[in-house]
Amino acid sequence: MSQASCVLAVALAGLLAATAASGASGASAATEAADVVVDVADVANVSLGLPALPAPPAAQVALGRMLFFERRLSVNGSLSCAMCHVPEQGFTSNELRTSVGMEGVSLRRNAPTLLNVAHVPTLFHDGRAPSLESQALLPLLHPDEMANASLKTVVARVATWPAYRPLFRRAFGSAAATAPRMAQALAAFQRSLVAGGSRFDRWRFAGDKAALSVQEQQGFALFQSQGCVACHPVGERHALLSDQGFHNVGVQARSDALRQQQLTVQLLPGLQATLTPAELARVGVAGSPDLGRQEVTHRPADARAFRTPSLRNVALTAPYMHDGSIDTLEAVLDHYIAGGWPADAAQDSRIRPLAVDRAGRDAIVAFLRTLTAQHLTAGSAPRSVEPTAAASR
Ligand code: HEC
Ligand code: HEC
């Protein structure tokens, strides 16, 4: 954003705040005016710090939201998109390292957050899906996810649900349910999950120098000096905090090594059992080697490389990494400080032991916690489920 348009955005936010304040009545509104200005400015700035994208059509977003929460989309009516990408849990599942699908089958990867997914050019941890539209229908057919026999059967089912007819008509001009329309609507809803506008964005892009504490600013300085920005870049005008590339930072080799020692299996959501390799062999559970990007490109150089996740809203999206194998941000930092998993010869050469002490580690974690969109922390119900004011226009 240029200096001028930045000033304009701040002025616009102020104007919205003033309008909102004048709508409220009484002395309390006047005394809390300062707070009101901050709140409304944040909501108006949900995309602060993100590159501008066209807003998805509101009628498609509305249909897509219904489909996203629709359990009847799965073969036995048990599973919706929202049950693995839980809105209240940062659009991932905080209790599960890897997703649990149909009939309790454990998937091998962690459900990525869908916040800001509009900015992700290649989807899935290995980048195998090129667009939200092409991705949206895959879970409907995946045998361990929603397990439908064919798209035809799902579409035929949706066509019998009267509540959907007006939604299809408003979104697409006629009431007919089709697979491309469902894909487009699900994509539109996911594109509405814009979640910039964090305290960091106010500090970095809106000139609010008081938005970060000294410790958080020190954490950001370390984040830069320790080379994190090579893969999680922060620009002058916006910050995706992902280079959208694929890198091996030692996570899969670490998990494979730990699996040799023991395996924690998910029996039911929230109920886990830890088994030794001998016990596992007895019940016939094989380790699940995951080659990541190499499975898509077939290039040995891509072994165990996974897409760099954006670190936006990372405080909300535990557990971490493609297999959910690291539970806390502190433990993620310990992994990097130790130099990743040096035993993996394919690990990216930029992952090396860091001279960062305990205070430095905590400062980096404090910085990472400033990347949460303020409209998500404001209340328990995530505002992002609603299209933003900008998106509905
Ligand atoms: C059983 C749990 C489960 C269900 C149900 C599910 N997902 Fe997912 N989703 C996952 C997992 C796990 C991944 C990561 C898979 C991978 O990378 O190989 C994923 C990945 C994605 C991605 C890619 C995100 C990124 O950043 O790369 C999108 C988009 C997505 N899901 C949307 C949906 C939609 C839309 C639905 C409903 C039609 C849905 N999911 C249903 C578990 C689930
Ligand atoms: C060589 C590129 C690279 C560098 C350098 C790098 N990262 Fe990462 N980061 C990644 C990749 C790739 C992943 C995902 C790895 C996986 O899932 O196996 C990741 C994952 C993470 C995650 C987990 C996010 C999530 O949603 O699961 C955090 C937090 C993180 N990095 C922070 C940092 C910090 C802090 C530094 C500096 C100390 C750093 N990274 C340096 C590439 C990098």
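All of the numbers you see were taken from the coordinates with simple rules; none came from a lab. Values in this document were obtained by computation on a predicted structure and should not be read as measured data. Cβ atoms come from the backbone with ideal geometry, glycine included; neighbour counts cover every protein chain shown.
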Check your understanding: What is the fewest-to-most order of PHE69, PHE367, PHE172 by other Cβ atoms lying within 10 Å of their Cβ?
Key -> PHE69, PHE172, PHE367
Exercise for review: Output the peptides 82-93, 184-195, 308-319 sorted from most to least packed, where packing is the average of other Cβ atoms within 10 Å over each peptide's residues.
Suggested key: 184-195, 308-319, 82-93
Practice item. Using the Karplus curve 6.51 cos²θ - 1.76 cosθ + 1.60 with θ = phi - 60°, work out ³J(HN,Hα) for each residue of segment 357-362 in order, rounded to whole Hz, and write x for Gly and Pro. Key: 8, 4, 5, x, 4, 5
**Study point:** Inter-label distance, nm, simple model (7 Å from Cα along the C-beta direction), ASP334/THR297
**Key:** 3.2
Point to revise | Residues VAL158, VAL105, VAL251, sorted so that the one with the fewest Cβ neighbours within 10 Å comes first | key: VAL105, VAL158, VAL251
**Study point:** Cut-off under 5 Å, modelled amide H: who pairs with LEU79 long-range
**Key:** SER74
Study note, to complete from the structure: Residues meeting the amide H criterion for VAL86 (H placed from the backbone, H to H distance under 5 Å, 5 or more places apart or on another chain) are PHE91, THR92, SER93
Practice item. For SER198, list long-range residues whose amide hydrogen, built 1.01 Å from N in the peptide plane, is under 5 Å from its own amide hydrogen. Key: GLN374
